[in-house]
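S.K.: There's a structure below that I have some questions on.
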Amino acid sequence: MKRTLISKKLLVVSALALAFGVATSAMADAAVVTRTVRFADASTLSTDASGMTFEVRNRPPREYPHVGYRAPFTFEQAARDWAASHFNMTGNSVNTLRITLRDGDITEKLLPTTKGIKGWFTKDQAAEYEGKLDIEIAVVDANGSILAQAEGKAWHSQTVSEGATEADKQAVWAGMIKKTFDDLDIELQPRIRQALAQYVR
């Protein structure tokens, strides 16, 4: 009798452990799909494809004047979020939706500032940042042939004043990256609906 009770208790404990493990796994999965960037355009396109691939054609170097890698999130991370939030695969065909980040970078250009005594009383803009974004969307068949494609570009520039901290700069870079994607959507979304009309709705 005691052995039976012990066995039942072990089964209950095992079931609870399993349930906890599943819940923990689900929480981990949820964390994985959490978006880094929230875009102004929240529309989703139902896409006749079995899956989506993501490629980076030109990954920026981690050296000056390239500073995008120092941002809270990079163009590459934002592009992955952008793709995941905008396209929903139906699985109705063997085609693949291919997202290619052809360019995504922020560069810094130092600006001249006032020197001498006058400079003590003047707060100039010390640096200008330029962000560039270039993305290609393509539906590819099982043989790798492009069936339809659309592309879009966006850029944004912004300056920071003397004395800007690293945190100040990171906030500027994050804002620039989001702005380029929001601008990209205005241009690219109509192109996608037109060029990929046979595959998205």
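Bear in mind that the values in this text are calculations on the coordinates, not laboratory data. Keep in mind that what you see is a predicted model, and the values were worked out from it rather than measured. Don't worry about glycine lacking a Cβ; one is built from the backbone with ideal geometry, like all the others, and counts go over all protein chains shown.
S.K.: Using a Förster distance of 35 Å, how high is the FRET efficiency between Ala167 and Ala42, based on the Cβ-Cβ distance and rounded to 0.05?
M.R.: The calculated FRET efficiency here is 0.80.
S.K.: Run the dipole for segment 94-201 about the Cα centre, Lys and Arg Cβ at +1, Asp and Glu Cβ at -1, nothing else charged, and hand back the magnitude in debye, nearest 20.
M.R.: Numbers: 14 positive and 17 negative charges, 28 e Å.
It comes to approximately 140 debye.
S.K.: Over segment 49-132, consider all pairs of different Cα atoms and compute the Kirkwood hydrodynamic radius from their mean reciprocal separation; express it in Å, one decimal.
M.R.: Final number for the Kirkwood radius of segment 49-132 is 15.8 Å.
S.K.: Right, here's the next one. Cβ under 12 Å from Tyr64's Cβ, Tyr64 left aside: what net charge do those residues give with Lys, Arg +1 and Asp, Glu -1?
M.R.: Net charge around Tyr64: +1.
S.K.: Hey, another quick one. Would you kindly work out the equivalent ellipsoid of segment 41-195 from its C-alpha gyration tensor and give its semi-axes, the square roots of five times the eigenvalues, largest first in whole Å?
M.R.: Gyration-tensor ellipsoid for segment 41-195: 39, 14, 12 Å.
S.K.: Here's something else I'd like to know. Once the cut-off is 19 Å, how many percent of the Cα-Cα pairs in segment 122-201 end up in the long-distance tail?
M.R.: 53
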